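The values are calculated or read from the model by the stated rules, or taken from the named source; none is laboratory data. Quick caveat: nothing in here was measured; it's all calculated off a predicted structure. Ideal geometry is used to build each Cβ from the backbone, glycine not excepted, and the neighbour counts take in all protein chains shown.
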Amino acid sequence: MFTPQEKKTLAGITFAVVARMLGLFLLLPVLAPYARGLEGSTPVLTGVAVGIYGLTQALLQIPFGYLSDRYGRKPVITFGFLAYIIGSVLGGLAWNIWSMILARLIQGAGAISSAAVSLAADLIREEVRTRAFAHIGASVGMVFALSITVAPVIAGKLGVPFIFYLTAFLSTVAMLYILFFIPEPKKHQEETGPLLKGMRRILRDRNQMMLDLSVGVLHAFLVSIFTVIPIELIDRYRFPKPEHWKIYLPVILLSVAIMVPSTILAEKKGKIKGVFLTGVVLISLGFLSHLILGGFWGVVLLLTLYFIGFHLLEPVMPSLLTKLSPKDTRGMSVGVYNTFQFVGAFAGGAVGGLFLKLGTTYMLLTNFSLSLIWLFLVYLWLSGIRLQSG
């Protein structure tokens, strides 16, 4: 059970993470069609506008993680929120594709994920930490379901700029909550070594690097899917944007419902390896199913299998990372992890722009091939390690 202070910490960090992820989730199903209509837009620039958010996230996760180790979590989180709020306002004001790309670039500078996850790890005991990350993951999953359900409706009635302004407001509230109601854990100035020395330790750690590569691939798939699939639904199947929630909502609710017992299985019954492998297998089968079936129902099956796999992996990976990384470089370790996550997101958007030009089949073939390589590497890695939790 969580202590009262852990509950308060968990609530605040969940709200902060959810507010930030709204910037990705609310925009994910509507940004590509909106950006495609901006002045100067091309398929490749549309993909860049969707994915470039991940580029500055990737560049800043490690420095922000290191700074949070050295000078404290909350100052870094506050600075990141301010950058994100400014970028969101600029996104609402964007008048052409280049101003949108700039706004998304600044939004991505709100790279608080490493500091926020490290804050949770600092303030929540290890024996309930997987459960805490599952709580955060379930909340993010529910927000994802809500976001992709209401985003097309909001965009249709109030416009995509309104979504940017809404996320700026929610991020302001989350920033103030963290600032005034969550304690700052003990600073690590004396424990934290030079940045490059810590980086060498992390990059030589096989376990951390496998988790880092995994989260990168997972989010590359996510963004590439949502760069291509919403436009495929509109152009190929004449399925209007405001109706997309009819696919997204049941898919996300099902995947989150499966995530909760799977997390308990991983934590309590020592089945972390099995849950991890199952997640990767389901993602591979999602791409294969759309390749084989094609058509509208191929899209539905792809999204269903992908998101079940996604939500199996989301709570397990960061929990494993905090267990496998030394305390004195935890913020930097999470920073590297989040760097790979957002490099993947950027790559997924950028390559997704090419897939818009080439066709959905190229996205499916590429992602299926990568998922098979990923599955093979994960199987070898898990076969060679021992985990206390399984």
### Task
Could you please tell me which pairs satisfy a Cβ distance under 9 Å, a separation of 6+ or placement on different chains, a first residue in region 203-231 that is within 18 Å of residue 322 (Cβ to Cβ) and at pLDDT below 90, and a second residue that is outside any helix (DSSP H, G or I) and of a type in the set (Val, Ile, Thr)?
206/385; 207/385
### Query
Condition test on residue 52, is it under 16 Å from the mean Cα position of the chain (by Cα), more than 17 Å from residue 171 (Cβ to Cβ) and either modelled with pLDDT of 85 or more or among the β-branched types (Val, Ile, Thr) (or both)?
yes
### Query
Taking residue 320, is it crowded, with 23+ Cβ neighbours inside 10 Å, closer than 30 Å to residue 199 by Cα, modelled with pLDDT under 80 and among the aliphatic types (A, V, I, L, M)?
yes
### Task
Considering only region 101-116, state which residues are assigned to a loop (DSSP other than H, G, I, E, B) and surrounded by fewer than 24 Cβ atoms within 10 Å (Cβ to Cβ).
109
### Task
Could you grab the pairs with beta carbons closer than 8 Å, sequence gap of 6+ or different chains, first residue in region 357-384 and at negative phi, second one among the acidic types (Asp, Glu) and outside any loop (DSSP other than H, G, I, E, B)?
360/232
### Message
Please determine whether any residue of region 70-88 is free of Cβ contacts under 8 Å to residues at least 24 places away in the same chain, assigned to a helix (DSSP H, G or I) and of a type outside the set (A, V, I, L, M, F, W, C).
### Response
yes
#### Entry: Where residue 41 falls short, out of the listed (1) in a helix (DSSP H, G or I); (2) more than 17 Å from the chain's Cα centre (by Cα)
(1)
### Task
Only residues in region 292-313 that are surrounded by fewer than 22 Cβ atoms within 10 Å (Cβ to Cβ) count as the first member; pair them with residues that are of a type in the set (Ser, Thr, Tyr), Cβ under 6 angstrom, at least 6 apart or cross-chain, and list the lot.
296/237; 301/289
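Out of 77, 97, 86, report the one residue that is more than 17 Å from residue 336 (Cβ to Cβ) and under 18 Å from the mean Cα position of the chain (by Cα). Spell out the reasoning first.
Working: 97 fails: under 18 Å from the mean Cα position of the chain (by Cα); 86 fails: under 18 Å from the mean Cα position of the chain (by Cα).
Being more than 17 Å from residue 336 (Cβ to Cβ) and under 18 Å from the mean Cα position of the chain (by Cα) holds for just one of 77, 97, 86, which is 77.
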### Task
Consider residue 285 carefully, then state whether it is aliphatic (A, V, I, L, M), more than 20 Å from the chain's Cα centre (by Cα) and modelled with pLDDT under 85.
no
